[in-house]
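See below for the structure under consideration.
The values are calculated or read from the model by the stated rules, or taken from the named source; none is laboratory data. Every value quoted in this text rests on a predicted model; they were computed, and no experiment measured them. Using ideal geometry, Cβ is built from the backbone for each residue, glycine included, and neighbour counts are taken over all protein chains shown. When the accessible area is computed, the model is the full protein with side chains, heavy atoms only, and any ligands, DNA or RNA have been set aside. Shrake-Rupley method; radii C 1.70, N 1.55, O 1.52, S 1.80 Å.
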Amino acid sequence: MHIIKSTDKPIDRMDRLADMAHFPALVNAGATANILVTLLITWRLVPHYPQTYAPVAWTAIVLLVNLSPVVLLRAVSFNKSPTPPLRNMSFFQDQHRFSDWVYLAASANMAFWILVSWSIFTISYTPATLAVVLAVAFFVTFSPVLLRSFPAQNN
């Protein structure tokens, strides 16, 4: 049995959550920026929409906005080129070429950040709280790239 390294897998053949740790830095930066911008907007919305359904509605809107380009690009995709390996993927050209489960994982991650941050901001709506939530979200979301900069330890 031949095992393919994650970085060599075509992006539509990703089959492990750990494969997502091998996205190119620019792709991971785009995903991280998406989460950070969403959290900033979430922070601004919290005092204006105290209704119970508001965080769920906001999560649905964000997921719709994030998944719409994928659905559209899959519907009209004329790209007949081979699917690139993970290490060579483009954030813009290849965002619609993942396996469906990758979008499910990314959507669950986004929903987690929105709902947790909404809860935190409801309890403490301060710039300091926003800064802490953004810092934690940055380090957690961008950690695969940050961790790659450390040499592997052989124990």
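Being assigned to a loop (DSSP other than H, G, I, E, B) and either surrounded by 14 or more Cβ atoms within 10 Å (Cβ to Cβ) or at pLDDT 75 or above (or both) is the filter here, so list the residues in segment 81-98 that pass it.
As a first pass, look at segment 81-98 and keep what is assigned to a loop (DSSP other than H, G, I, E, B): 81-84, 89-98.
Matches in segment 81-98: Thr83, Pro84, Met89, Phe91, Asp94, Gln95, His96, Arg97, Phe98.
Can you tell me which of (1) exposed (fewer than 14 other Cβ atoms within 10 Å of the Cβ); (2) among the hydrophobic types (A, V, I, L, M, F, W, C); (3) closer than 18 Å to Gly30 by Cβ; (4) at pLDDT below 80 is the one Phe78 doesn't meet?
All conditions are met except number (3).
From the list Ile61, Ile3, exactly one residue is open to solvent by 30 Å² or more (accessible area, probe 1.4 Å) and at pLDDT below 95. Which is it? Working first, answer last.
Numbers: Ile61 fails: at pLDDT below 95.
Checking each option against the conditions leaves just Ile3.
What pairs come up if the first residue lies in segment 114-141 and is under 28 Å from Ala18 (Cα atoms), the second is part of a helix (DSSP H, G or I) and acidic (Asp, Glu), and their beta carbons are under 7 Å apart, counting only those six or more places apart or on different chains?
none
Out of Val71, Val102, report the one residue that is surrounded by 11 or more Cβ atoms within 10 Å (Cβ to Cβ), within 11 Å of the chain's Cα centre (by Cα) and β-branched (Val, Ile, Thr).
Values: Val71 fails: within 11 Å of the chain's Cα centre (by Cα).
Sole residue among the options that is surrounded by 11 or more Cβ atoms within 10 Å (Cβ to Cβ), within 11 Å of the chain's Cα centre (by Cα) and β-branched (Val, Ile, Thr): Val102.
So, in segment 36-58, of the ones that are within 18 Å of Ala108 (Cβ to Cβ) and hydroxyl-bearing (Ser, Thr, Tyr), which residue ends up surrounded by the fewest Cβ atoms within 10 Å (Cβ to Cβ)? Step through it out loud before you land on a result.
Quick first cut of segment 36-58, residues within 18 Å of Ala108 (Cβ to Cβ) only: 36, 38-39, 42, 55-58.
Now narrow it down to the ones that are hydroxyl-bearing (Ser, Thr, Tyr): 38, 42.
Numbers: Thr38: 20, Thr42: 23.
Across segment 36-58, the extreme among qualifying residues is Thr38.
Please go through segment 16-35 and pick out each residue that is open to solvent by 40 Å² or more (accessible area, probe 1.4 Å) and modelled with pLDDT of 95 or more.
Ala33, Asn34
Return the total of residues in segment 119-145 being open to solvent by less than 60 Å² (accessible area, probe 1.4 Å) and within 21 Å of Gly30 (Cβ to Cβ).
Number of matching residues: 9.
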